Amino acid sequence: MNPLIPGFGWVSFASLCGGAFALPLRLRRRYEIENTMFVAFFFATLVIPLIVAHFLLPQWYQALADTPAKTILIVMAFGFAWGTGSVFLAHAVNSIGLSLAYAVIMGLNTTVGSVIPMLRPEKWNAIPSASKTFTFLGIVICVIGVAICGRAGLLREKSLPSASPDPAAKTNRSRFLLGLLSCLVAGFVCAGANLGYEWAEPIAANAAQLGADPRLATLSRWLTMYWGGYVAIVLVFGITLLRKKTYRNFTGPGASRDFLLALLMSALHFLGQIPYGVGAYYLGRLGTTVGWAVYISAVIVIANLLGFITGEWKSAPKSSRNTLYLGLLVLIASMSCLAYANSKL
């Protein structure tokens, strides 16, 4: 079987879950952001991965022990950056909506998360010129598509100054600008997820040498990165829970409903990253470059479709919707270009 088929198949499935990941934040009622994120990431980064690894990848514990401490610390540092970015992502989605937030954040994420792994000397020297050319072209097209999507969001916001993606409060200019600032920060540091996965390659290699299936060994590349990520979540949202005393929201009317939404968010997170790792394995040397760019582009498309379903564009002018459609088409074109780049390996 052509490895591109399972490669892009797994990446596509991951993007479907990744695009829906933040949806529970828009559906919560009793929980504040810190409640949902604290619970969701506890299960997504600790409970679920460790249970899965225990049954499917028992070699992980020894593989980690055989890995140099420096590598582990680097991976955890990237994880901490990603966890910090997730904090800003949550606030951005709450401030300016799922569609616009994902478009801006994931565009920056694509550039940082895709280019850096490709530039590592051990990979760069082994990549054919044609693959390099079409990969960079695909990333440029992706960024253009993201910029168009961002423009669509700005047109929507400009025409609806009193509209608010958050039913609990009216959107004003300062809130909107703060949301955009959160997007910029999140876009850069959320790339730590893919960079942590890239730098954790020695852990997976150790697991494979111990007899693990190479596809399942990719799970080990996430686990250490998750530890660093959850440290950031605990520091920010744990302190917020105590400072605002919103830990009280964990009980009371509607708490069980929002708890289930947080669990759904954790499941979407797990299914939005682990299958991506399997897909990147099948895509080979450009797995964390082409795979990441395709993954992020598809996540943006899914997030925008969900934005339509949840009514974020219900009253938007036709010009903004048409601009968004154009942006999504450009993103699809970038995915095609990146797929072609990978076929040239």
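The numbers here are math on the coordinates, done by the rules we state, and not lab data. The model shown is predicted, which means the values in this text are computed figures rather than measured ones. Here the Cβ is made from the backbone with ideal geometry for all residues, glycine too, and neighbour counts use every protein chain on show.
May I ask you to list the aspartates and glutamates whose Cα is less than 20 Å away from that of K244, ignoring any residue fewer than eight positions away on the same chain?
Excluding near neighbours in sequence, the set is E32, E34, D166, D258.
Taking each full run of DSSP H in the chain as one helix, which ones are at least 15 Å long along their axis (Cα atoms) and have mean Kyte-Doolittle hydropathy of at least 1.0?
Those that pass (Cα extent of 15 Å or more, hydropathy at least 1.0) are 4-20, 69-96, 98-119, 129-159, 173-189, 290-309.
How large is log10 of I(q)/I(0) for the range 92-163 at q = 0.21 Å⁻¹ when the intensity is taken from the Debye formula with one equal scatterer per alpha-carbon?
Those come out to -0.87, one per q.
May I ask for the equivalent-ellipsoid semi-axes of the range 1-142, computed as the square root of five times each C-alpha gyration tensor eigenvalue and listed largest first in whole Å? Walk me through the intermediate numbers first.
Values: eigenvalues 163, 117, 53 Å².
Its equivalent ellipsoid spans semi-axes of 29, 24, 16 Å.
Given 0.36 nm per residue, what is the gain on full extension from L184 to I51 after removing their alpha carbon distance, in nm?
44.5 nm
Would you mind classifying the range 4-343 by shape? Square roots of the alpha carbon gyration tensor eigenvalues, ordered a ≥ b ≥ c; an a/c under 1.5 is rounded, otherwise it is prolate if a/b is larger than b/c and oblate if not.
oblate
About the Cα centre of the chain, how large is the charge dipole given +1 on each Lys and Arg Cβ and -1 on each Asp and Glu Cβ? Please answer in debye to the nearest 20.
Using Cβ point charges on Lys, Arg, Asp and Glu, the chain gives about 1020 debye.
List, largest first, the extents of the alpha carbons of the range 179-283 along their principal axes, each in whole Å.
49, 32, 21
How big is D, in µm² s⁻¹, for the range 49-118 by Stokes-Einstein at 10 °C and 1.306 mPa s if Rh is the Kirkwood radius over C-alpha pairs? Could you put the intermediate results ahead of the total?
Numbers: Rh = 14.8 Å.
It diffuses with D of about 107 µm²/s by this estimate.
What distance in nm separates the two pseudo spin-label positions at L329 and W124, each 7 Å out from Cα along the beta-carbon direction?
Going from the L329 label point to the W124 one covers 3.6 nm.
Provide the gained length on full extension for the span F42 to K245, in nm with one decimal, where the gain is 0.36 nm per separating residue minus the Cα-Cα distance. Mind dumping the intermediate values first?
Details: separation 203, 0.36 × 203 = 73.08 nm, distance 1.90 nm.
Separation in residues times 0.36 nm, less the Cα-Cα distance, equals 71.2 nm.
Please check: in the Gaussian network model of the chain (C-alpha springs, under 10 Å), which one of E198, E122, E32 has the largest mean-square fluctuation.
E122
Can you give the FRET efficiency to the nearest 0.05 for V234 and A267, using r as the Cβ-Cβ distance and R₀ = 22 Å? All intermediate terms of the calculation are to be shown ahead of the outcome.
Working: r = 20 Å, r/R0 = 0.92.
After rounding, the FRET efficiency stands at 0.60.
How long is the gain from N2 to Q62 if the chain were fully straight, where each residue apart is worth 0.36 nm and the alpha carbon distance is subtracted?
Working: separation 60, 0.36 × 60 = 21.60 nm, distance 3.26 nm.
Value of the extension gain: 18.3 nm.
I need D66, D258 ordered by Cβ neighbour count within 10 Å, fewest first.
Taking fewest neighbouring Cβ atoms as first place, the list is D66, D258.
For a quick protection proxy, order the peptides 18-29, 100-111, 310-321 by their average other-Cβ count within 10 Å, most packed first.
100-111, 18-29, 310-321
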